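Peer 1: Attaching a single structure in structure tokens format; questions to follow.
The values are calculated or read from the model by the stated rules, or taken from the named source; none is laboratory data. Remember, predicted model here, so these are calculated numbers, not experimental data. FYI the Cβ positions are ideal-geometry reconstructions off the backbone, even for glycines, and counts take in every protein chain you see. Each accessible area value is taken on the protein alone, full model and side chains, heavy atoms only, with ligands, DNA and RNA left out. Shrake-Rupley method; radii C 1.70, N 1.55, O 1.52, S 1.80 Å.
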Amino acid sequence: MDLHLGGGAASAEERAAVDAVLGPPTSRWRGGVDLTLAEHFGLSGGNAVRAERHRLLPVLHALQDRLGWLSRGALDYVSLRLDVPPAEVWGVASFYHLLALSPQAPQVAHVCDDIACRLRGAEALCGELERTLGPAGQGSEYTWKRSPCLGLCEAAPAALVLRAGTPATHQALAPTTADELRAALTSTSTSTSTSTSTSTSTSTSTSTSSSPPSSRLDEVRRAVPDAGDPDHLLLARVGRVDPASLADYRAHGGFAGLTRAIALGPEATIAEVITSRLVGRGGAAFPTGKKWQAVAAQPVRERFIVCNADESEPGTFKDRVLCEWDPFALIEGMTSAALATGASLGFIYLRGEYPRAAAHLEAALAAARAGDLLGPDVAGTGHGFELELRRGAGAYICGEETALFNSIEGRRGEPRAKPPFPVEAGLFGRPTVINNVETLASVPLILARGGAAFAAIGTAGSTGPKLFCVSGAVARPGVYEARFGVTLGELIARAGGVPGDRPLRAVLLGGAAGSFVGPEALALPLTLEALRAAGATLGSGVVMVLDDRADLPDLVRRIARFFRDESCGQCVPCRVGTVRQDELLGRLGAGTPLGSVADERALLGELAQAMRDASICGLGQTASAAIESALRLGLLEASP
Amino acid sequence: MSDDAIYFNPPPRSAHTPTAPARPAPAPVEVTIDGRPVSVPTGATLLDACSAAGVETPTLCFASTLTPVNACRVCVVELEGARTLVPACARKAEPGMKVLTDSPRVRLSRKVVLELLGSSVDLSTAPDLLRWQQRYAARPARFGSGAAVATVAQQTKVKVDNALYVRDYGKCVLCYKCVEACGSDAQHTFAIAVAGRGFHAHISTEADVPLPDSACVYCGNCIQVCPTGALMFKTEHDLRAAGRWDPAAQTQTDTICPYCGVGCTLTLTVQDQRIVKVMSPPDAPVTRGNLCIKGRFGTTFVGPEDT
């Protein structure tokens, strides 16, 4: 393959951004200038260069962060450096929301208009921004854009301001107002001083260990209202430990699980996880121990551990909280998994909209490397394990495990056909353990206390503590830790109940891919088995409470638009089906059905079944679930 | 035999032609298609099993010469024990699989998929698809006249940027075949890839530059695999535009490419004494359906001069 490049030259700054990730070019062939003859004839291409394709997304991020958009010259330089055809670089770059392929203002406020924020006035906020700042996406110095769920649902309406530059900075404003956003965008300084007392704000350049413990606990309590509760197991350290300090983590019982894993050895560690009956917390509820066991049994020696931190299900923010405030627990869980399965390399794939979690994780990874808990010899075991953080770039579909692998590998985030399953052929075609953040953060708990003790928590079918993301019409939204079996009503009561004693209309369980339940479900115990029997799902732990003021037809339409926007476009049922579903709801909402309303509902039923049966992955398979449940409950009819 | 070292007489030929040692036949896999037992070799797909059972399965993104991408989902079948339907083209047959190819679930999914395609893409030059729409009683009009069409993301007019072939993405069903043929399954040129996402996903060169500015080498292997006529010889496109494309007046002739010594099989489509299209049989041992620019486009000068 010869690269055919016609996009012009990259600027010095663009080259510097790429070289900062890949190192200087090693040959003139790969874009080097002023090299000695020996360097010129050094590594010039071939497999060694193409094996670096997994650096493609990090490189595109570096360009986006520094320049604010990706020029054709810059993309050509990326093609040259990584030996990836320019059409494929274009295909990958155009896949992600957070990458701009045409000149864009260096400061962009990504304003969430997804379901949780809609309940708290996101649409009015967008309307005001349109009046005061102009239409979305326009402006040369700063602009604003609508965004799907930013995972800040406990403090809706939320926005994330990203500023390109050296270094790039970010500022999460939640809850926010149009005035505050305008001030944040128009202030010439890129410091974090514009944050108000109600906003969370960090910069990639700020240290994470600077805040004193009392202010840290206050900050954490905005996301975890009962942080510090002595009954907490998973959240026990959240708010109490300095997330950048290995010593502090150790002082709070950290690494007891890893120490036990080392003492037990691989087989007994896996047996302990199987005994705990821990199942995946990302939504699919697959037994974690079985997954590890399957990978450990593979004949291929090269294996990978991947943490799925691409938490993008609307209404979900628990993994963000864990990554931000207890990052060592995740590292400990992944290291234990690596020792148990024989993996020597792992990846944390974090969604791109979580810059603070990224900063805290990077700091924790550096501390763990310095403390010999990662690296060529993990805690004196002789076993090497390295862990890399990778950032997503705005694509819900990359939370699908095989799409996530493709994204890490530098390809478009399109799901793969299964079988083969990741335990056989996952990342780079090798056996791979892929687990959610909460799942991996539960592992140290299991190893430290014993699998049987973990299994004793909760119910027979659903063991352990579970995090719930409570948002919407409750007095104290946030992440709540409960034992499986807590009823929906009890959980809502812990979050302060519906303010003003307004009547509860419905609860969305499991996010956009979940389903609505009515007030009669308040007595329902939140367990996997009880929800399955009730035809609902716990999914990623979303509990979005909707009172009589919620505009339910509008929310349901937003869910349909979410899937329309987030479909990868690979398979026909999902690519076109999500569009037809959205159009159909639009006709129902406008009162202009094709034929009768019953005809439209029959059509939606057929569409839903075809998407459920014939889509490649879970996105298409669940794209109608919430909408169908809303229709069953009559939520699209006018509010009482 | 001469003593002079520059002369060499080959040893006499062996009396019999050497053959490769017999390989054991792959172990057969027994599956059931619509209640009928079928035996296929190990490694065969459910699509192979359906063919062996004499069941015609619609396919769109499948080609025998390309890696299955299982994106179109018209070949889905019902596999006992599976939560969802499975793509016949990619799913390997395993012993004891029980497959239904005409169950209500299969018929519904195939029908809806064909309707979704019909409502978003111009299928007028895809006769197979139109035939399957009839077979499954698909009615794309059910989605109304306001249904968005797939070309919203790009210019709707036909891309005519070179003298050899045209691209009409209003007819593209995004089967990925052209990308595979241009890329690692055949040509290794990588001039085109899938860009964008969701309903806006489309086949594109980098930044949608015209083909002459891309890496395209005009082998035309993408036209060979396109199932809907979205990629078309310019000769065919022009004849269709002039209303003079007439399949009834065409002949197909197999011949060998005259240009080099490889010996590629060409199938010439001739209308009014002119070669209007050149394909190669996908099962031709030399080409597997692939040609180069000379075989594909280098014969159109044959024919009477324009008057």
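Peer 1: Among A:G127, A:A223, A:F516, flag the residue with its Cα farthest along the positive direction of the charge dipole of chain A, charges on Cβ as +1 for Lys/Arg and -1 for Asp/Glu.
Peer 2: Most positive-ward Cα: A:F516.
Peer 1: OK, next. Pull up the cross-link candidates among the lysines for A:K466, meaning alpha carbon to alpha carbon under 17 Å and not fewer than 8 places away within one chain.
Peer 2: A:K318
Peer 1: Right, another one. Assuming R0 = 41 Å, what is the FRET efficiency of A:A51 and B:E56, from their Cβ-Cβ distance, to the nearest 0.05?
Peer 2: With R0 = 41 Å, the Cβ-Cβ based efficiency is 0.40.
Peer 1: Take the Cα coordinates of region A:496-633, assign each an equal point scatterer, and use the Debye formula without solvent to give log10 I(q)/I(0) at q = 0.11, 0.15, 0.22 Å⁻¹.
Peer 2: The Cα Debye sum returns log10 ratios of -0.41, -0.75, -1.36.
Peer 1: Still on this structure: Which GluC sites (Glu not before Pro) in region B:155-250 sit in a loop by DSSP (not H, G, I, E or B) and have at most 13 other Cβ atoms within 10 Å of their own Cβ?
Peer 2: none
Peer 1: Restricting to Cα pairs below 8 Å that are 6+ residues apart, what does the relative contact order work out to for region B:150-297? Please round to a whole percent.
Peer 2: Relative CO of region B:150-297 lands at 20 percent.
Peer 1: Diagonalise the Cα gyration tensor of region B:85-132 and give the resulting equivalent ellipsoid semi-axes, square root of 5 times each eigenvalue, largest first, whole Å.
Peer 2: Listed largest to smallest, the semi-axes of region B:85-132 are 26, 12, 9 Å.
Peer 1: Under the definition of Cα pairs under 8 Å and six or more residues apart, what whole-number percent is the relative contact order of region B:72-130?
Peer 2: Normalised by residue count, the contact order of region B:72-130 is 33 percent.
Peer 1: Give me the Å³ per residue figure for the convex hull around the C-alpha atoms of region A:552-632.
Peer 2: 77 Å³
Peer 1: Tabulate in residue order the Karplus-calculated ³J(HN,Hα) for region B:19-34, using 6.51 cos²θ - 1.76 cosθ + 1.60 with θ = phi - 60°, rounded to whole Hz; enter x for Gly and Pro.
Peer 2: Once rounded to whole Hz, the list reads 10, 5, x, 5, 8, x, 5, x, 4, x, 10, 9, 10, 10, 10, 6.
Peer 1: Show which aspartates and glutamates lie in cross-link reach of B:K277 when reach means a straight Cα distance below 14 angstrom and same-chain residues fewer than eight apart are skipped.
Peer 2: List returned: B:E236, B:D238, B:D246, B:D254.
Peer 1: Also, quick follow-up: Any idea what diffusion coefficient region A:268-330 gets from Stokes-Einstein, in µm²/s, Kirkwood Rh on alpha carbon pairs, 25 °C, 0.890 mPa s?
Peer 2: The estimated diffusion coefficient comes to 181 µm²/s.
Peer 1: Another question, if that's okay. Using label points projected 7 Å from each Cα along Cα→Cβ, tell me how many nm separate A:E386 and B:V262, to one decimal.
Peer 2: Taking the two extended label points, one gets 4.1 nm.
Peer 1: Starting from the amide H of A:E388, placed 1.01 Å from N in the peptide plane, find each other amide H under 5 Å away whose residue is 5 or more places distant or on another chain.
Peer 2: A:G346, A:F347, A:I348
Peer 1: Need one number: % antiparallel among DSSP beta bridges in chain A, to the nearest 5.
Peer 2: Approximately 50 percent, going by the DSSP bridge assignments.
Peer 1: Something else: Using modelled amide H (1.01 Å from N, peptide plane; none on Pro or chain starts), what sits under 5 Å from the amide H of A:V224, excluding residues fewer than 5 places away?
Peer 2: Counting only residues 5 or more places away or on other chains, the set is A:V479.
Peer 1: Taking every DSSP beta bridge with both residues inside region A:107-186, roughly what % is antiparallel (nearest 5)?
Peer 2: Roughly 60 percent of the beta bridges in region A:107-186 run antiparallel, per DSSP.
Peer 1: Scan around B:A44 for amide H atoms under 5 Å from its own, H built in the peptide plane at 1.01 Å from N, and keep only partners 5 or more places away or cross-chain.
Peer 2: The answer is B:A93.
Peer 1: For peptide B:185-193, compute the average count of partner chain beta-carbon atoms within 10 Å of each residue's beta-carbon.
Peer 2: Per residue, the average neighbour count from other chains is 4.
Peer 1: How big a patch of accessible area, both sides summed and in Å² to the nearest 100, lies buried between A and B at a 1.4 Å probe?
Peer 2: Buried area (both sides, nearest 100 Å²): 3900 Å².
Peer 1: Also, I was wondering about something else. Once all Cα-Cα distances of region B:27-145 are split into 5 Å bins that start at 0, what whole-number percent is in each one?
Peer 2: 2, 12, 21, 22, 19, 12, 7, 4, 1, 0, 0
Peer 1: More than 17 angstrom separation, counting every C-alpha pair in region A:339-415; what % is that?
Peer 2: Roughly 52 percent, once rounded to a whole number.
Peer 1: Obtain the radius of gyration and the Kirkwood radius of the protein assembly as shown from its C-alpha atoms and give Rg over Rh.
Peer 2: 0.99
Peer 1: Among A:A534, A:T487, A:M544, pick out the residue whose Cα is farthest towards the positive end of the charge dipole of region A:465-544, where Lys and Arg carry +1 and Asp and Glu carry -1 on C-beta, about the Cα centre.
Peer 2: Of the listed residues, the answer is A:M544.
Peer 1: Measuring from the lowest to the highest alpha carbon on each principal axis, how far does region A:246-455 reach, largest first, in angstroms?
Peer 2: Here the Cα extents, ordered largest to smallest, are 41, 37, 33 Å.
Peer 1: Apply the Kirkwood formula to region B:150-297: the hydrodynamic radius equals the inverse of the mean of 1/r over all pairs of different alpha-carbon atoms; give it in Å with one decimal.
Peer 2: 16.0 Å
Peer 1: Size of region A:224-287 along its principal axes in angstrom, Cα-based, largest extent first?
Peer 2: For region A:224-287, the Cα spread along each principal axis is 34, 30, 20 Å.
Peer 1: HN-Hα J couplings of region A:141-157 from phi, Karplus 6.51/-1.76/1.60, θ = phi - 60°, integer Hz, Gly and Pro as x?
Peer 2: 8, 8, 7, 9, 9, 6, 9, x, 2, 9, x, 10, 5, 6, 10, 6, x
Peer 1: Let me ask another. To the nearest 20 Debye, how big is the dipole of the protein assembly as shown about its Cα centre, given +1 on the beta carbon of each Lys and Arg and -1 on that of each Asp and Glu?
Peer 2: Result for the protein assembly as shown is approximately 1060 debye, rounded to the nearest 20.
Peer 1: Another question, if that's okay. Note down the Stokes-Einstein diffusion coefficient of chain B in µm²/s, whole number, using a Kirkwood radius over alpha carbon pairs, 4 °C, and 1.567 mPa s.
Peer 2: 58 µm²/s
Peer 1: For chain B, with a Gaussian network of springs between Cα atoms less than 10 Å apart, report the residue from B:K177, B:K92, B:K111 with the top mean-square fluctuation.
Peer 2: B:K92
Peer 1: Moving to a separate point now. With a Förster radius of 41 Å, plug the Cβ-Cβ distance of A:A183 and A:E424 into 1/(1 + (r/R0)^6) and report the FRET value to the nearest 0.05.
Peer 2: It comes out at approximately 0.20.
Peer 1: Let me ask you something else. Where both partners of a DSSP beta bridge lie in region A:465-544, what percent of those bridges are antiparallel, to the nearest 5?
Peer 2: Taking every DSSP beta bridge within region A:465-544, about 80 percent pair in antiparallel fashion.
Peer 1: Mark the label point 7 Å from the Cα of A:T166 along Cα→Cβ and return the residues of region A:61-76 whose backbone N is within less than 19 Å of it.
Peer 2: A:61-71, A:73-75
Peer 1: If you don't mind, there's one more thing I want to ask. Could you pull out every whole DSSP H run in chain A that spans at least 18 Å of Cα extent along its own axis and averages 1.0 or higher on the Kyte-Doolittle scale?
Peer 2: Flagged H segments are A:327-341, A:437-449.
Peer 1: Report ³J(HN,Hα) in whole Hz for each residue of region A:409-420, in order, from the Karplus equation J = 6.51 cos²θ - 1.76 cosθ + 1.60 where θ = phi - 60°; Gly and Pro get x.
Peer 2: These are the phi-based 3J(HN,Hα) values: 6, x, 10, 5, x, 9, x, 9, 6, 10, x, x Hz.
Peer 1: Each label point is 7 Å from the Cα along the Cα-to-Cβ direction; what then is the distance between the points at A:D599 and B:T255, in nm?
Peer 2: Those two pseudo-labels are separated by 5.5 nm.
Peer 1: To the nearest 20 debye, what is the magnitude of the charge dipole of chain B about its Cα centre, counting +1 on the Cβ of each Lys and Arg and -1 on the Cβ of each Asp and Glu?
Peer 2: Value, rounded to 20: 1040 debye.
Peer 1: So which cysteines of chain A have no other cysteine's Cβ under 4.7 Å from theirs?
Peer 2: So, A:C126, A:C149, A:C153, A:C307, A:C323, A:C398, A:C469, A:C568, A:C571, A:C574, A:C617.
Peer 1: Scanning chain A for trypsin sites (Lys or Arg not before Pro) in DSSP loops with at most 13 other Cβ atoms within 10 Å, what's the longest stretch left with none?
Peer 2: Answer - A:1-300.
Peer 1: Choose one of A:V295, A:A441, A:A366: the residue whose Cα lies farthest towards the positive end of the charge dipole of region A:246-455 (beta-carbon charges +1 Lys, Arg; -1 Asp, Glu; about the Cα centre).
Peer 2: Farthest towards the positive pole: A:V295.
Peer 1: Also, quick follow-up: For chain B, what relative contact order do you get, as a whole percent, if you take Cα pairs closer than 8 Å and at least 6 residues apart?
Peer 2: 12 percent
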